[in-house]
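Heads up, the thing below is written out as structure tokens.
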Amino acid sequence: MKMLIMASVSLLRVGASAAQTPAPPAAVPTALVTFFSGGNFLTMGKHGKFMGQILDGSDRLAYLTAGHFVTFQLDAGKHVFAANSWLNPTPTGGGHLELDLVAGRHYYVAAYLDNRGVLVPLFRLEQHPCDQVQKETAKVKPLDPNDLHKYGQGHAVIESRFPICTEPQQPQQPPASAN
């Protein structure tokens with residue numbers, strides 16, 4: 001009888017500790033965002049080749065180099081992305097693009113150097129539908145993982161080639177600001 005009581009007490013303790021273990025957190029809905037360095041070095045105007053910082057708010061994602069792309073898996077919801085000089089690791093003074101990411105969607109964002117500025121280059125981010133970027137990105141290569149910043153490393157999706165269009169095209173969101 002003593003063994004039966006001790007076994008019952010042990011089972012109660014195990015059951016009590018199992019009841020106190022919190023449930024794993026629910027998965028956060030995410031979207032994919034592919035950034036690529038658009039334009040070319042010979043273009044004068046608003047679509048020159050970009051090399052510089054890509055940020056999500058004030059969090060640095062990557063140093064994007066010319067002729068490369070990188071994809072991130074980010075939480076759904078509003079994001080303000082920025083492109084800036086490799087010398088400036090903040091969104092201040094860079095080009096900005098606000099997107100309200102919808103879970104399960106894939107967004108394509110081109111980073112450009114707008115060299116129409118007389119003394120100071122301007123940086124631009126533009127969202128494009130996937131089918132429109134396929135020609136421009138035919139020769140881009142994956143970004144070297146060494147060019148990912150700490151925040152970006154936790155969100156990067158490693159790919160060997162530029163993503164192909166696999167979903168119906170979502171309408172392009174109008175830019176929130178003209179920076």
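No lab work stands behind these numbers, since they all come straight from the coordinates. Being a predicted model, the structure only gives us computed values, none of them experimental. Cβ: placed from backbone, ideal geometry, glycine included. Neighbour counts: every protein chain shown.
Shown in residue order for region 73-89 are the 3J(HN,Hα) couplings computed by the Karplus curve 6.51 cos²θ - 1.76 cosθ + 1.60 at θ = phi - 60°: 9, 10, 4, 5, x, 6, 9, 10, 8, 9, 10, 8, 4, 5, 7, 10, x Hz (x for Gly and Pro).
FRET efficiency for the pair Glu98 and Lys135, taken as 1/(1 + (r/R0)^6) with r the Cβ-Cβ distance and R0 = 25 Å, rounds to 0.40.
Put simply, the convex hull of the Cα atoms in region 30-157 casts, on average, a shadow of 7.2 nm². Residues whose amide H falls under 5 Å from that of Lys141, counting only those 5 or more places apart or on a different chain, are His68, Phe69, with hydrogens built in the peptide plane.
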